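Report on one structure; see the data block that follows.
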Amino acid sequence: MVRRSKGEAAGDAEAVDPRNTLNEMTGSAWLYFTKSLLVTAYPSDWAHDLRREHGACKPPELMKQLIEFFTTGSGRVLDPFAGVGGTLLGASLCIPPRRAVGVEIAERWVEVYRRVLKRLAAEGRALPEQEMLTGDCLEVLRRFPEGHFQFIATDPPYNVHLERTMCDGKYDESHTNRRTDYNMRSDDPADLANLETYEDYLAAMERVFRECLRVLEPGRYMALIVRNAYQSGRYMFTHADLAGRAERAGFVPKGEIVWYQAGSRLRPYGYPYAYVPNIAHQYIVVLRKPPSRPRPARRPRGPSARTPGS
Ligand SMILES: C[S@@+](CC[C@H](N)C(=O)[O-])C[C@H]1O[C@@H](n2cnc3c(N)ncnc32)[C@H](O)[C@@H]1O
């Protein structure tokens, strides 16, 4: 990614436009990011062998790309469902590193994040440690003031539907897409993956989105990484359902990036009777908190301030 100092001529694709307060990218880097399809295959790096214990860990390099687009160097990033810290590692990899806060309900995954940092330090690749808080994000986010964060990037917990569409031990290794079974669910009743129904899950996510909206600075963005699912003979457009709930909470939908997971293996789900998709992509849904309106100028009090006829 090419960065130049601000102040270079507006309109020069190789310069940072002086009007750009979102990030520190040149015009051409900005344009490249806005493609709605991402086909990058990320290497199994940054202690992936430890992080893969969590079946849904995200590549830190992907999170870095998102964070570098949606923040400047002074930006504060939040991941309310931090898992083993894909977003936190991504924030540490940014140039310059961003400050990030992660919230994770399961102590087990927080521990993995700490082990990852220790391992990287032992390998001579130490990354700045980010703030990882253990607890229910709905509770923990209340500690932060309004508008505290400049970007939210998260990969929400999956509801009951996902487990059944994953390998589940049903297919032998030659047919599995994943190197581990999905096992990120904890026993905590506040774990959103434990809710009874999909409707309960969406309602809980809407509550989280309301809290996210509050702690996000006006005009700033939230990126949700979502994998859709096929359950009980029906395809579930979870990314669209979650985008709808985020909109109800006050976010404005801005777009989606389809992340193609090259290298996904194929399983013979419906063969030879029916079409059942092999889902080889995830959505990165981009939402924005509306910018705050400038306050109307205060009009002086008294009869002289009145306009005739008002
Ligand atoms: C899909 S995973 C996120 C994985 C993460 N992106 C990573 O790279 O490791 C979702 C996480 O949300 C956590 N979670 C579920 N309910 C939660 C809640 N109420 N508050 C905070 N974390 C929660 C789960 O334990 C799970 O680790």
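The values are calculated or read from the model by the stated rules, or taken from the named source; none is laboratory data. Only a predicted model underlies this, so the values are computations on that prediction, with no experimental measurement involved. Every residue, glycine among them, receives a Cβ derived from its backbone with ideal geometry; neighbour counts consider all protein chains shown. Heavy atoms of the whole protein, side chains included, go into the accessibility calculation; ligands, DNA and RNA do not. Shrake-Rupley method; radii C 1.70, N 1.55, O 1.52, S 1.80 Å.
Output the number of residues of the stretch 31-60 satisfying the condition of being on the phi < 0 side of the Ramachandran plot and more than 9 Å from the ligand (Cβ to nearest atom). Break it down into steps so the answer makes sense when it comes.
Taking the stretch 31-60 first, the residues on the phi < 0 side of the Ramachandran plot are 31-45, 48-60.
Next, from what is left, pick out any that are more than 9 Å from the ligand (Cβ to nearest atom): 31-45, 48-50, 52-53.
Qualifying residue count, the stretch 31-60: 20.
Restricting to strands (runs of 3 or more DSSP E) lying wholly in the stretch 61-147: which have 3 or more residues that are over 23 Å from Trp30 (Cβ atoms) and either within 15 Å of the ligand (Cβ to nearest atom) or at pLDDT 95 or above (or both)? Give the steps one after another, and end with the answer.
On the way: elements: 76-79, 99-104, 131-134.
Those strands (runs of 3 or more DSSP E) span 99-104, 131-134.
Give me the pairs, please: first residue somewhere in the stretch 191-213 and outside any helix (DSSP H, G or I), second residue anywhere and within 13 Å of the ligand (Cβ to nearest atom) and among the basic types (Lys, Arg), beta-carbon distance under 9 Å, and either six or more positions apart or on two chains.
Taking only residues 6 or more apart or on different chains, the pairs are Asp191/Arg185.
Looking at the stretch 103-136, which of the residues that are out of contact with any Cys (no Cβ under 9 Å at 6 or more places or on another chain) and among the acidic types (Asp, Glu) is least open to solvent (accessible area, probe 1.4 Å)?
Result: Asp136.
I need every pair where a residue in the stretch 95-119 that is touching a residue at least 24 places away in the same chain (Cβ under 8 Å) and small (Gly, Ala, Ser) has its Cβ under 6 Å from the Cβ of a residue that is more than 8 Å from the ligand (Cβ to nearest atom) and outside any helix (DSSP H, G or I), sequence separation at least 6 or different chains.
Ala100/Val77; Ala100/Gln130; Gly102/Met132
When you look at Glu199, is it of a type in the set (Asp, Glu) and under 17 Å from the mean Cα position of the chain (by Cα), yes or no? I'd like the intermediate steps shown before the answer.
Values: of a type in the set (Asp, Glu): yes; under 17 Å from the mean Cα position of the chain (by Cα): no.
Here the answer is no, as Glu199 does not meet what is asked.
Anything in the stretch 27-51 that is part of a loop (DSSP other than H, G, I, E, B), farther than 25 Å from Leu287 by Cβ and at pLDDT 95 or above? List them, or say none. Outline the logic, then answer.
Taking the stretch 27-51 as the starting set, the residues that turn out to be part of a loop (DSSP other than H, G, I, E, B) are 34-36, 39-47.
Keeping just the survivors that are farther than 25 Å from Leu287 by Cβ gives 41, 43-47.
Across the stretch 27-51, the qualifying residues are Asp45, Trp46, Ala47.
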